[in-house]
Amino acid sequence: MRRTPPLIPRVLALSAALPLLLAAGCAANGGGSAASPATSEAPTTTDPTEVGSSAPRLALTYDGGIQVLDATTLEVLADELLDGFNRLNPAGDGRHFLVSTSGGFRLLDGGAWAEPHGDHSHYYTADPALTDIVFEAEKPGHVVSHAGRTVLFDDGTGEVTAFDSADLADPDREMLRFATPEAHHGVAVELENGTMLVSEGTEEERTGVRILDADGEEIAATDECPAVHGETVAADEAIVIGCQDGAVLYTGGELTKITSPDPYGRIGNQFGTEDSPIVLGDYERSAEDRSSTVALIDTTTAQLRLVDLPAPYWYRSFARGENGEGLVLTYDGALQVIDPVAGTVIRSIPVTGPWKESDDWQNPHPNVVVVDGIAYVTEPATRMLHAVDISAGEIWKSVQLDVTPNELAGVTGDVDEHTAHEHEHEHEEDEEGHGE
């Protein structure tokens with residue numbers, strides 16, 4: 001397990017609003033973690049069943065609750081009541097979701113996971129369930145998972161909480177906590193070497209980002225990113241964060257401003273993949289008009305290209321395919337497949353009926369999520385969920401839901417490379433212990 005970095009005065013200076021806290025062996029801000037076991041696995045409502053392969057899961061919110069579905073059969077496996085407007089995030093371990101809800105980030109067990117064992121893994125399933133584990137937050141905001149670390153941002157306090165993704169359900173997890181100088185709708189990203197990108201702003205405006213090294217010392221900064229919003233990590237751990245007039249790129253230890261070709265050229269949401277150097281982003285030429293243009297940012301050259309689509313979209317109708325394709329569901333109901341290298345639409349797959357974004361972003365709209373190479377698309381108007389085979393260019397399976405879906409997220413039921421290495425290390429320690 002990688003340990004959190006030591007505290008230094010420079011970070012304390014950055015964190016004027018709250019002191020920086022390093023909590024070793026603390027509960028998740030005291031919110032219900034006492035009920036969780038001292039392992040990386042959350043409690044389940046049934047005994048685990050070993051299965052032959054990974055079992056990906058989907059979670060969708062509706063007015064009054066959350067459903068968890070088997071991503072292969074589209075069968076509803078659990079229906080949990082939860083009031084309020086809830087948001088969904090994969091938690092970073094391939095099994096759990098973090099639900100941004102009243103009081104904080106609540107852990108939802110997807111009920112499918114893998115346990116690495118040498119050169120192979122064992123796969124298990126159990127009933128999905130909301131757990132009692134809550135990472136308390138005044139206004140739970142962005143969740144970012146990368147390189148085996150999960151980072152939470154509290155918009156109400158500006159507090160950042162980071163920990164190993166494999167330790168989500170462990171009451172003895174080590175957590176790094178600090179706060180930005182002022183609370184704002186922000187984001188933080190931690191790289192594999194412990195470097196942290198943190199947004200900068202106030203409740204009135206967001207202006208830029210700061211880069212902290214593994215010891216917490218500021219090594220780079222920029223205030224040239226008005227209305228900073230969103231983040232993604234691309235190949236070689238390049239980070240792209242959006243601005244009202246373009247984007248900011250962090251790579252090779254340097255921050256670079258990428259300016260939009262239009263006076264107002266907002267990039268507010270970015271979609272990357274760790275295997276591609278090219279990031280897909282939304283792009284607005286006007287704060288009033290619905291956009292039908294998307295941005296492609298090459299993190300190796302810091303160049304921005306624009307691609308026109310057949311119809312407008314909204315920000316949650318974006319995803320990336322298994323091979324790095326850009327995916328955007330447009331108002332005409334078609335899933336546009338973009339070659340990020342050529343910068344062209346190579347396929348248009350009819351999926352839903354025509355739709356358009358309403359004035360209230362919290363209303364149900366189509367969402368696109370990719371899990372194990374399949375694009376899952378919600379259609380709230382008809383209460384449908386579609387599974388799209390991207391390479392074949394057709395709908396593979398559809399199901400009628402008994403609720404109106406709002407947000408959608410997915411987990412693989414497997415573990416990523418970094419989490420797998422942590423589990424393998426724990427297994428080696430167990431084997432050593434048995435030999436004594």
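Coordinate-derived values only; no laboratory data. All values derive from a computational prediction rather than experimental measurement. Methodologically, a virtual Cβ is constructed for each residue, glycine included, from the backbone with ideal geometry; neighbour enumeration extends over all protein chains shown.
Here are the numbers:
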{"read-out": "Vicinal HN-Hα couplings computed from phi for segment 135-149 (Karplus, 6.51 cos²θ - 1.76 cosθ + 1.60; Hz; Gly/Pro x)", "value": "8, 4, 7, 5, 9, x, x, 6, 10, 10, 10, 7, 6, x, 10"}
{"read-out": "Whether segment 231-328 is rounded, prolate or oblate, judged on the alpha carbon gyration tensor where a/c under 1.5 counts as rounded", "value": "oblate"}
{"read-out": "Dipole in debye (nearest 20) - segment 36-155, about Cα centre, beta carbon charges: Lys, Arg +1; Asp, Glu -1", "value": "360 debye"}
{"read-out": "Additional length obtainable on full extension of the chain from GLU224 to ASP83, 0.36 nm per residue less Cα span", "value": "46.9 nm"}
{"read-out": "Per-pair calculated FRET efficiency, R0 = 45 Å: ILE346 and ASP63 via Cβ, rounded to 0.05", "value": "0.75"}
{"read-out": "Electrostatic dipole magnitude of segment 365-408 [Cβ: Lys, Arg +1; Asp, Glu -1; Cα centre; debye, to 20]", "value": "80 debye"}
{"read-out": "Calculated P(r) of segment 121-260 - Cα pairs past 25 Å, %", "value": "28 percent"}
{"read-out": "Stretch gain in nm, segment GLU205-ALA302, where the contour uses 0.36 nm per residue and the Cα spacing is subtracted", "value": "32.4 nm"}
{"read-out": "Global form of segment 57-166, assessed from the alpha-carbon gyration tensor, a/c cut-off 1.5", "value": "oblate"}
{"read-out": "Residue-wise HN-Hα coupling along segment 216-231, computed from phi with Karplus coefficients 6.51, -1.76, 1.60 (Hz; x: Gly, Pro)", "value": "x, 8, 5, 10, 6, 6, 8, 10, 9, 9, x, 6, 3, 7, x, 7"}
{"read-out": "Protection proxy ranking, peptides 356-362, 170-176, average beta carbon neighbours within 10 Å, highest first", "value": "170-176, 356-362"}
{"read-out": "Shape of segment 64-128, Cα gyration tensor, a/c cut at 1.5", "value": "oblate"}
{"read-out": "Cα-centre dipole for segment 217-318 with unit charges at Cβ (Lys and Arg positive, Asp and Glu negative), debye to 20", "value": "440 debye"}
{"read-out": "Distance (nanometres) between label positions extended 7 Å along Cα→Cβ at SER398 and THR293", "value": "3.3 nm"}
